[in-house]
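J.: My structure is below; once you've seen it, I'll send some questions.
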């Protein structure tokens, strides 16, 4: 493993990484994709993808991920299950520290995506998996007939609240502002759903429960008044954090930790590109991630051609 | 038509415009897509799309376009056949001059793509459609058993040469440089195809023929020596020109006429966005175009929210 220098290593197997991998494999690059878990990224936990262009009928996120992986493998892409823990630029190549040792490549595409953000209140960590969840698609059906609190007001929060409302008897959306940030289509659907109620200008201060969630302490942001909302489940959708810990000190990140790129997906390090949810300014859609992945790959090929010539 | 102000008008119905339209219609925007001809853009003349993520089996460009259009229409997108001839910023709205009169919108997404570039030699215009073609996928089968000259050395030229070689008895690729610009995968395939020969460091100076193409005058760029290459067809793949004539003087273009955008697809005019092949720095793939379209649409929604709030 140590002496070989690949032409390209793609870090992350979500839509951005797989899109880059499809092109890399088809172009015959010596390319390896490293994925710490299961290929597919966040879409594997998305119940239904309706807006990825080319599919008039909605399909499960898992199925879309499977199709992309199959396409990449059919062109010959090699995928290894291996977490990357560090990146060191070495002039004409890039060193990656991984769970299995070290790997080197002439070019690297970072497509590690983003993870769910926590609200950081008492009870949240202790009750995770005991009523506290970050994925409605995964855990919504567990709360059939139950009362659920959803924290957040963006697209994801509202999409997931609508999904959870298929199962739960009631969904209370707790949002710190007086209106939703979610798009109009989602706002309308949520307002029309009788199972969904809203607690505006409200934050969750604590999650209550012993073995299982029993409620939350909610606080009005204007009056500071607190009240208890009894519930069986708490779903937290307050944004994401980029998976960029392994890049710190090596590649320029913005103040929230996302990788800064130019319009060609080039980072501050020559030969290192970023694509998908991990980069600053991404709109975090499957379509934009595959676009990023393809752009990053074609720019990586230019970089390789420059090294050769 | 004159007094109504749409929330959004999308100009162009290729992958970028349709992707924006899918999102716009699903979000319930008051949106109209204007397309001067048939929806689908350049992919409708692409025989086979193998690298659009999500399709492990290659599909015809025409079929992919049809699927995107069906998806957009299923969400309720309105599409009108109407050429746009001018754009005038008017503060809080944008005026579009069209073949049918005038239209106004709060936001505009320009997704008009690019067209084939001509080489500009004697005989080219006169013999267009009489042996001179810009689309191998469309016209390749017309030259079954014939001798064909292909002009160009990029991805498109080589892809099309390979396609034409399925039908023609011989294909001579005339290229002004001493090596192909096309990607490695394509270079390898072309080198392995016995029907394809290369004329390096060579340009076409004239296309010969009366009623039909009979040959070309080729010139060696080093020695200036000329020779005739007899042939039945000439396919020209020397790049594309952006369809931005209607934007001149209104929106910032680069020196080749492509629309300049930032990473969020914003142009120099607030409320006007650009997506796909028409923008500077696009890598001109279906995947990157749909990514652009979705990004432009979500930025347009931010712009609309800003006008409201």
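The values are calculated or read from the model by the stated rules, or taken from the named source; none is laboratory data. Just so it is clear, the model here is predicted, and its values are computed rather than measured. Here Cβ is always computed from backbone atoms with ideal geometry, including for glycine, and neighbour counts include all displayed protein chains.
J.: Quick check on residue A:307: is it more than 9 Å from chain B (Cβ to nearest Cβ) and in a helix (DSSP H, G or I)?
T.: Values: more than 9 Å from chain B (Cβ to nearest Cβ): yes; in a helix (DSSP H, G or I): yes.
When the stated conditions are applied, residue A:307 passes them.
J.: Now for a separate question. Output the number of residues of segment B:133-152 satisfying the condition of being modelled with pLDDT under 95 and under 19 Å from the mean Cα position of the chain (by Cα).
T.: Here is the first cut: in segment B:133-152, the residues modelled with pLDDT under 95 are B:133-144.
Then keep just the ones that are under 19 Å from the mean Cα position of the chain (by Cα); that gives B:133-140.
Matching residues across segment B:133-152 total 8.
J.: Determine, yes or no, whether residue B:239 is more than 10 Å from chain A (Cβ to nearest Cβ) and surrounded by 24 or more Cβ atoms within 10 Å (Cβ to Cβ). Can you show your working first?
T.: Values: more than 10 Å from chain A (Cβ to nearest Cβ): yes; surrounded by 24 or more Cβ atoms within 10 Å (Cβ to Cβ): no.
So residue B:239 does not fit the description; no.
J.: Quick one: in segment A:251-272, of everything that is in a loop (DSSP other than H, G, I, E, B) and under 20 Å from residue A:13 (Cβ atoms), which residue is nearest to the other protein chains (Cβ to nearest Cβ)? Full working, then the answer.
T.: Narrowing segment A:251-272 to residues in a loop (DSSP other than H, G, I, E, B): A:251-252, A:254-258, A:260-265, A:267-271.
Still in the running and under 20 Å from residue A:13 (Cβ atoms): A:251, A:258, A:261, A:265, A:267.
On the way: A:251: 17, A:258: 12, A:261: 7, A:265: 9, A:267: 13 Å.
Among those that are in a loop (DSSP other than H, G, I, E, B) and under 20 Å from residue A:13 (Cβ atoms), it is A:261.
J.: If a residue has to be in contact with a helix residue (DSSP H, G or I) (Cβ under 9 Å, 6 or more places away or on another chain) and either free of Cβ contacts under 8 Å to residues at least 40 places away in the same chain or more than 7 Å from chain B (Cβ to nearest Cβ) (or both) to count, how many in segment A:48-59 make the cut? Reasoning before the result, please.
T.: Within segment A:48-59, the first condition is being in contact with a helix residue (DSSP H, G or I) (Cβ under 9 Å, 6 or more places away or on another chain), and the residues that meet it are A:48-57, A:59.
From the residues that got through so far, the ones that are either free of Cβ contacts under 8 Å to residues at least 40 places away in the same chain or more than 7 Å from chain B (Cβ to nearest Cβ) (or both) too are A:48-50, A:54-57, A:59.
Going through segment A:48-59 one residue at a time, the tally reaches 8.
J.: Considering only residues that are under 12 Å from residue B:40 (Cα atoms) and facing another protein chain (nearest Cβ under 10 Å), which ones fall in segment B:4-22?
T.: We begin by selecting, within segment B:4-22, every residue under 12 Å from residue B:40 (Cα atoms); these are B:12-19.
Those that are under 12 Å from residue B:40 (Cα atoms) and facing another protein chain (nearest Cβ under 10 Å): B:15, B:16, B:18, B:19.
J.: Residues in segment A:182-204: is at least one within 24 Å of the chain's Cα centre (by Cα), closer than 30 Å to residue A:269 by Cβ and either loosely packed, with under 13 Cβ neighbours inside 10 Å or modelled with pLDDT under 95 (or both)?
T.: Within segment A:182-204 (the criterion being within 24 Å of the chain's Cα centre (by Cα), closer than 30 Å to residue A:269 by Cβ and either loosely packed, with under 13 Cβ neighbours inside 10 Å or modelled with pLDDT under 95 (or both)), the answer is no, since none of the residues qualifies.
J.: Go through segment B:70-83 and count every residue that is more than 8 Å from chain A (Cβ to nearest Cβ) and surrounded by 23 or more Cβ atoms within 10 Å (Cβ to Cβ). Let's see the steps before the verdict.
T.: Let us first name the residues in segment B:70-83 that are more than 8 Å from chain A (Cβ to nearest Cβ), namely B:72-73, B:75-83.
From what's left, surrounded by 23 or more Cβ atoms within 10 Å (Cβ to Cβ): B:72, B:77.
Summing the residues that are more than 8 Å from chain A (Cβ to nearest Cβ) and surrounded by 23 or more Cβ atoms within 10 Å (Cβ to Cβ) in segment B:70-83 gives 2.
J.: Right, something else. Could you tell me whether any residue of segment A:273-280 is touching a strand residue (DSSP E or B) at 6+ places or on another chain (Cβ under 8 Å), within 12 Å of chain B (Cβ to nearest Cβ) and surrounded by fewer than 18 Cβ atoms within 10 Å (Cβ to Cβ)?
T.: The answer is yes; a qualifying residue exists.
J.: Within segment B:281-291, which residues are assigned to a loop (DSSP other than H, G, I, E, B) and more than 7 Å from chain A (Cβ to nearest Cβ)? Give the steps one after another, and end with the answer.
T.: Restricting attention to segment B:281-291, the residues satisfying the condition of being assigned to a loop (DSSP other than H, G, I, E, B) are B:281-285.
Passing the criteria: B:282, B:284.
J.: Counting only residues that are at the interface with chain A (Cβ under 7 Å from one of its Cβ atoms), free of Cβ contacts under 8 Å to residues at least 60 places away in the same chain and part of a helix (DSSP H, G or I), how many does segment B:23-39 have?
T.: Filtering segment B:23-39 down to residues at the interface with chain A (Cβ under 7 Å from one of its Cβ atoms) leaves B:23, B:26-28.
If we keep only those that are free of Cβ contacts under 8 Å to residues at least 60 places away in the same chain too, we end up with B:26, B:28.
From the residues that got through so far, the ones that are part of a helix (DSSP H, G or I) too are B:26.
The total comes to 1.
Residue by residue, here is whether (1) within 21 Å of residue B:50 (Cβ to Cβ); (2) surrounded by fewer than 22 Cβ atoms within 10 Å (Cβ to Cβ); (3) in the same structural domain as residue A:288 (by TED's automatic domain parsing) holds:
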site	(1), (2), (3)
A:26	yes, yes, yes
A:30	yes, yes, yes
A:40	yes, no, yes
A:51	no, yes, yes
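J.: Looking at segment B:131-143, can you tell me whether even one residue there is surrounded by fewer than 18 Cβ atoms within 10 Å (Cβ to Cβ), away from chain A (no Cβ under 14 Å) and part of a loop (DSSP other than H, G, I, E, B)?
T.: Within segment B:131-143, the subset surrounded by fewer than 18 Cβ atoms within 10 Å (Cβ to Cβ) is B:135, B:138, B:141-142.
When the remaining residues are screened for being away from chain A (no Cβ under 14 Å), the result is B:135, B:138, B:141-142.
Next, from what is left, pick out any that are part of a loop (DSSP other than H, G, I, E, B): B:135.
For segment B:131-143, residues surrounded by fewer than 18 Cβ atoms within 10 Å (Cβ to Cβ), away from chain A (no Cβ under 14 Å) and part of a loop (DSSP other than H, G, I, E, B): present.
J.: A further question on this structure: Would you mind telling me which numbered condition in (1) closer than 19 Å to residue A:30 by Cα; (2) in contact (Cβ under 8 Å) with a residue 12 or more places away in the chain; (3) more than 12 Å from chain B (Cβ to nearest Cβ) residue A:95 fails?
T.: If we test residue A:95 against (1) closer than 19 Å to residue A:30 by Cα; (2) in contact (Cβ under 8 Å) with a residue 12 or more places away in the chain; (3) more than 12 Å from chain B (Cβ to nearest Cβ), just (2) comes out false.
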